[in-house]
1. Assigning unit charges at the beta carbon (Lys, Arg +1; Asp, Glu -1) and nothing else, what dipole magnitude in debye, to the nearest 20, does the chain show about its Cα centre?
2. State to the nearest 20 debye the size of the charge dipole of the stretch 1-122 about its Cα centre, where the only charges are +1 on K and R beta carbons and -1 on D and E beta carbons.
3. Can you pull the one-decimal nm distance between simple spin-label points at His255 and Thr67, each 7 Å off the Cα toward Cβ?
4. Per 0.36 nm of contour for each residue apart, how much would the distance between Asp6 and Ala145 grow if the chain were fully extended, relative to their Cα-Cα spacing?
5. So in the chain, what percent of DSSP beta bridges are antiparallel if you round to the nearest 5?
6. Between Val237 and Asn192, what is the label-to-label distance in nm when each label sits 7 Å out along the Cα-to-Cβ direction?
7. Work out, step by step, the length gained on full extension between Ala45 and Glu16: first 0.36 nm times the residue separation, then minus their alpha carbon distance; give nm to one decimal.
8. Looking at the square roots a ≥ b ≥ c of the eigenvalues of the Cα gyration tensor of the chain, which shape do they give, rounded for a/c under 1.5, prolate if a/b is larger than b/c, or oblate?
Amino acid sequence: MTSTLDVGDARLAYTEAGSGSPVVWLHGSGPGATGMSNFGGNLPAFSDYRNIVVDLPGWGESPRPETGEPLIFHAADRVCRAMTALGIERAHLVGNSYGGAVAMRIAMRYPDRVDRLVLMAPGGVLPPDAPPWPAGLERLFAYMAAEKPSREAMAEFVRHMVFDESLATDALIDERYESSLRAHPELPVPPNFGDLTPDLGLITAPTLLVWGREDQTVPLTWAPRILTGIPNAELRVLPNCRHWVQYERAPEFNHIVREFLRGGAAAAAEG
């Protein structure tokens, strides 16, 4: 069930499930994205954690605020306010794409609030030669720019997010399409997400990067800048997988992430 938090100048929708050490889940920026559309299928594997699945500002049930601030920076501050309102001083952060960038920004600016960091093909760090944009980002931006998006355009976008196109089911396409119509973003294309590159070295949290080898939205070739920029980062690459690692390779993703987060709990206990 979705709840809403007042975080001062914005309202954030979120879903809470499970109990234990807190994990905050941060979704991507694709059309129709919500916290639960990105991560709902993963939550049963994390029932021994207190899971907070956020709709970032302007997506899902969270209204878009008026701001000229880069979206990553704005969202990161509001997520931290939400953590405070929920009584969470420190949490693991799991973010994919845009949500990964929001997680990195929190880890840079509020390091004491982050235990471990899991990033699936995160945004916010571009190679020097971008644009031209990868095909997945081209489809994302085209959908956002359309005056009246179509279901077929959504189907093309969803099919491009997965290596195995049989996973782009009618139910998934319909869910994302209907969600996109409720919260079609009124943003410049491409939006001003913000650049995290100069501050990667500020991330002190142990960090796991998870990437689909065939990702055509945030390509694997963009990973080395993040991997070398974050002092305590490691990279796992899953073959036959594109951008939605947590969806397309859910069992492997759940196992990898649980093992990584368990390392954080073990380290805390030993300390």
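1. Values: 23 positive and 33 negative charges, 79 e Å.
The dipole of the chain has a size of about 380 debye.
2. Values: 10 positive and 12 negative charges, 42 e Å.
Charge dipole of the stretch 1-122: 200 debye, to the nearest 20.
3. With each label point 7 Å from Cα toward Cβ, the separation is 3.8 nm.
4. Working: separation 139, 0.36 × 139 = 50.04 nm, distance 2.94 nm.
Contour length minus Cα-Cα distance gives 47.1 nm.
5. Values: 10 of 34 bridges.
So the antiparallel bridges amount to about 30 percent of the total.
6. A separation of 3.6 nm, rounded to one decimal place.
7. Values: separation 29, 0.36 × 29 = 10.44 nm, distance 1.42 nm.
The Ala45-Glu16 span can extend by a further 9.0 nm.
8. Details: a/c = 1.33, a/b = 1.22, b/c = 1.09.
Rounded.
No value in this document is a laboratory result; all are computed from the given coordinates. This is a predicted model, so every value here is computed, not measured. Glycine also receives a Cβ, built like all others from the backbone with ideal geometry; neighbour counts cover every protein chain displayed.
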